Amino acid sequence: MKLIRVTKGNLLFQLGKREKNLLIQVLGLYPRIPPSNFRLSKTGQLPDAEANQRLLDESLAEQRAANRKTLQAFLTDARRFTDTESGPRLSMSPSELEWLLQILNDVRVGSWIILGSPEQGMELKLLNEKTAPDFWAMEMSGQFQMRFLEALEKREV
Amino acid sequence: MAETATPEVTPGTIQTTEEKPKSGLEPGYLVVCWNYPVNFMDYVTHVFQVVFGWARKKAEFHMLQVHEQGKSVLTRESMEKAEHYVHQLQKYSLHATMERDE
């Protein structure tokens, strides 16, 4: 994937032929982080801690439902992907890219949690037939995330 | 990270200190980011810049603190603002919490 054009309100990426399908597959895994993972406090020493945690849980559930809807609309928008001889092109606004980073990191962190939150460098010890799909999701979402971050940096230069 | 300001004392001013009860409106809550080793360093830096509007250098400083020390206190705020920041950071799937500043 390569950023080929930047205008004020739009970023255009050239994708490899298989990359479009890979991106759609990865995004289709959203959401992956278990909801119980989001805690307002570690110590729980907040006023109305339970009520505040409940509010956070509700807000998170609403946000995830909205993200799923937006994701569906994002992927089915006819102007999103255009086919060219050199492969599909992906077009989006900077704010959509920012939002997409959130979605991808949910998939990445969620996959890592499903793998048992391994320490850095210990991941490969857990790789086997059963865990391979989670590794794939973690690595693939990370790859897209890095390409998109690079694009944002180029835009800022 | 919490920023503190020294109160200015001018001649003729009597400075009094008063014990105030902690309420939800006082800046008494720390926003803490904990280390998730799976997060890319560039990603964490980017999120800090977006959520707090920080310059890259400050965002990198806190990112490195998270990476090397396991956590970083990002700011000290009122309860409402701290909640807002925690929610923003969690939207990016960073491990953020708020803790009472004892």
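Could you give the length gained by full extension between B:Glu80 and B:Arg56, i.e. 0.36 nm per residue of separation minus their alpha carbon distance, to one decimal place? Don't jump to the answer; show the numbers that get you there.
Working: separation 24, 0.36 × 24 = 8.64 nm, distance 2.58 nm.
Fully extending the segment from B:Glu80 to B:Arg56 adds 6.1 nm.
Taking all protein chains together and rolling a 1.4 Å probe, B:His67 ends up with roughly 70 Å² accessible.
Mean residue ellipticity, 222 nm, helices only, chain A: the sum of -39500 (n - 2.57) across DSSP H runs of n ≥ 4, divided by residue count and rounded to 500, is -18500 deg cm²/dmol.
Accessible surface area normalised per residue over the stretch A:1-48 is 58 Å², counting heavy atoms of protein chains with a 1.4 Å rolling probe.
Listed by chain and number, the aspartates and glutamates whose C-alpha is less than 13 Å from the C-alpha of B:Lys81, apart from same-chain residues fewer than 8 away, are B:Glu26, B:Glu99. Using the 1.4 Å probe convention, the accessible area of the stretch A:64-143 works out to 52 Å² per residue with neighbouring protein chains retained.
In plain terms, chain A is cut at each of the GluC sites (Glu not before Pro) found in a DSSP loop with at most 16 other Cβ atoms within 10 Å, and the longest leftover piece is A:1-84. Taking the 0 to 90 degree range and rounding to the nearest ten, how far is the long axis of helix A:94-114 tilted relative to the main principal axis of chain A, both from C-alpha atoms? Taking the Cα atoms of chain A, the angle to A:94-114 is about 50 degrees.
Shown for the stretch A:1-115: the carbon plus sulfur share of the solvent-accessible area, taken with all protein chains present and a 1.4 angstrom probe, equals 50%.
Straight-line cross-link reach from B:Lys57 at under 17 Å between alpha-carbon atoms covers these aspartates and glutamates, not counting any fewer than eight positions away in the same chain: A:Glu153, A:Glu156, B:Glu3, B:Asp42, B:Glu68.
Test of understanding: given chain A, find the longest segment containing no trypsin sites (Lys or Arg not before Pro) that are in a DSSP loop and have at most 12 other Cβ atoms within 10 Å.
Values: sites that count: A:Lys8, A:Lys17, A:Arg18, A:Arg79, A:Lys130.
Counting at most 12 other Cβ atoms within 10 Å as exposed, the longest clean stretch of chain A is A:19-78.
What whole-number value in Å² describes the accessible area per residue of the stretch B:36-80 for a 1.4 Å probe? With all protein chains present, the stretch B:36-80 gives 46 Å² per residue.
Of the trypsin sites (Lys or Arg not before Pro) found in the stretch B:55-102, not one falls in a DSSP loop while having at most 13 other beta-carbon atoms within 10 Å. Of the residues A:Leu90, A:Met140, A:Leu22, the one whose Cα sits farthest towards the positive end of the charge dipole of the stretch A:1-143 is A:Leu90 (charges of +1 on Lys and Arg Cβ, -1 on Asp and Glu Cβ, taken about the Cα centre).
Loop-located chymotrypsin sites (Phe, Trp or Tyr not before Pro) across the stretch A:45-102 with a Cβ neighbour count of 16 or fewer within 10 Å are lacking, with loop assigned by DSSP. Normalised by the number of residues in chain A, the average gap of Cα pairs under 8 Å and 6 or more apart makes the relative contact order 32 percent.
Accessible-area loss of 40 Å² or more (1.4 Å probe, protein heavy atoms, chain alone versus all protein chains) is found in the stretch B:28-62 for B:Tyr36, B:Pro37, B:Val38, B:Phe40, B:Asp42, B:Tyr43, B:His46. Here the stretch A:3-82 is assigned +1 on the Cβ of each Lys and Arg and -1 on the Cβ of each Asp and Glu. Its dipole about the Cα centre then comes out at about 620 debye.
For A:Lys20, a cut-off of 22 angstrom between C-alpha atoms picks up these lysines, skipping any fewer than 8 places away in its own chain: A:Lys2, A:Lys69, A:Lys154.
Per-residue shielding of B:84-92, expressed as the average number of other chain Cβ atoms within 10 Å of the residue Cβ, stands at 4. Each of A:Ile103, A:Ile24 has its accessible area taken with a 1.4 Å probe; listed largest first, they run A:Ile24, A:Ile103.
Sorted by accessible area with a 1.4 angstrom probe, largest first, how do A:Trp112, B:Trp54 fall?
The ordering from most to least exposed comes out as B:Trp54, A:Trp112.
The values are calculated or read from the model by the stated rules, or taken from the named source; none is laboratory data. Treat the numbers as computed from the prediction; the structure is a model and nothing was measured. For neighbour counting, all protein chains shown are included, and Cβ atoms are generated from backbone atoms with ideal geometry for every residue, glycine included. To get the accessible areas, we keep the full protein, side chains included, count just its heavy atoms, and leave off ligands, DNA and RNA. Shrake-Rupley method; radii C 1.70, N 1.55, O 1.52, S 1.80 Å.
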